[in-house]
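Report on the following structure.
Each value in this text was obtained by applying a stated rule to the coordinates, not by laboratory testing. What you see is a predicted model, and the numbers here were worked out from it, not measured in a lab. Methodologically, a virtual Cβ is constructed for each residue, glycine included, from the backbone with ideal geometry; neighbour enumeration extends over all protein chains shown.
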Amino acid sequence: MKDKPTDNCPICSTQEEKITEQIIPLLQLKKFPKGALIFEQEYPSSGLYLIRKGSVKIFKLSPAGKEMLIEILGPQKTFGEAGLLGQDKNTETAMSAEESEIFFIPKSELQNVLNKNPQLYQSVVQALIRWMDKLHMVIENISLSSARDRVWTYLCRLQQEQNRPIIQLGGKKHEVALMLGLRPETFSRTLAELEAEGLIKMNHKQIQFIDATEKHNL
C-alpha cells in the first residue's frame with residue numbers, strides 16, 4: 001500500500017486512522033522553485049505546511065533587515081504550527097531552499113478538525129515546544145561572544161541530540177554559519193582550529209569528537 005502524505009508527519013503520525021482520514025482531504029500540494037517565499041514575517045498566518053520533497057529555510061528578519069536563520073527543514077517536517085493555536089501573524093519567514101513540494105492545510109479547515117479531535121492539540125503543542133527550543137538555541141548561540149564558543153556549543157548540542165560520537169551538521173556549512181551569526185569563512189576556520197586542537201575530526205559534513213568527555217572541561 002502506498003504511503004499516505006500524513007504517514008510521516010510528526011503531528012499526524014501518532015493519531016488514530018479516523019483522524020488521519022479527516023486530514024488527508026484537506027491537503028493541497030504546492031510546488032515552489034528555489035528561493036520562493038512561502039510566507040513572510042508579520043503577515044497573517046495561513047495554515048500548516050508539510051514538506052514532501054526539497055527543503056525550506058526558516059528565518060527571522062531584524063528591524064534593520066538582517067537575516068537570522070532558525071533552521072533548514074527537510075522532507076516530512078512541518079512548520080506553521082503556531083497559527084493553529086491562535087497566532088494571527090507569522091513570527092518568521094519561510095523560503096524554499098531548493099525546488100520543493102509542500103502539502104498545505106488551510107488554517108480554518110485544520111482548526112475544525114482540531115476542535116472535533118482535541119487529542120490532536122497535544123501533538124501541536126509538542127511541535128511548538130520543539131520549535132521554541134530551536135529558537136532558544138539560536139538566540140543563545142548568537143549571545144555568545146566568540147566564534148569558537150558559538151561553534152563549540154552548537155557541536156556539543158548536536159552530539160547530545162544525535163547521541164553518537166560522529167555527528168552530522170544540521171545543514172550546509174554556510175547555512176549553519178548563518179544560524180550561528182557567523183560568516184561562512186569564520187565558521188570553516190573555527191572548525192579547522194578545533195580540529196587542529198585535536199578535539200574533532202572533520203569529514204565533509206560529518207564531525208567526530210576525538211574525546212567526548214574533554215569538551216565538558218573547556
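Taking amide H atoms as placed 1.01 Å from N in the peptide plane, the amide H of F39 lies under 5 Å from those of A94, each 5 or more residues away in sequence or on another chain. Computed extension gain for T91 through S62, at 0.36 nm per residue and net of the alpha carbon distance, reaches 9.3 nm. Model label sites at I24 and E161, defined 7 Å from Cα along the beta-carbon direction, differ in position by 3.2 nm. Across segment 152-159, rounded Karplus estimates of 3J(HN,Hα) from the backbone phi angles (6.51 cos²θ - 1.76 cosθ + 1.60, θ = phi - 60°) give 5, 4, 4, 5, 5, 5, 4, 5 Hz, Gly and Pro being marked x. Note on N203 and E98: their simple-model spin labels are 2.1 nm apart, each label 7 Å out from Cα toward Cβ.
Relative contact order for segment 155-210 using alpha-carbon pairs under 8 Å, separation at least 6, rounded to a whole percent? Don't skip to the answer; put the middle values down first.
Values: 51 pairs, mean separation 18.8, N = 56.
Relative contact order for segment 155-210 comes out at 34 percent.
Annotation for A196 and E40: the two label points, set 7 Å from Cα along the Cα-Cβ direction, are 4.4 nm apart.
Can you flag which of K66/K172; K172/K205; K31/K53; K66/K107 are past 18 Å Cα-Cα? Mind dumping the intermediate values first?
On the way: K66/K172 20 Å; K172/K205 8 Å; K31/K53 9 Å; K66/K107 29 Å.
Going by Cα-Cα distance, K66/K172; K66/K107 fall outside the 18 Å limit.
Residues whose amide H falls under 5 Å from that of S55, counting only those 5 or more places apart or on a different chain, are A97, E98, with hydrogens built in the peptide plane.
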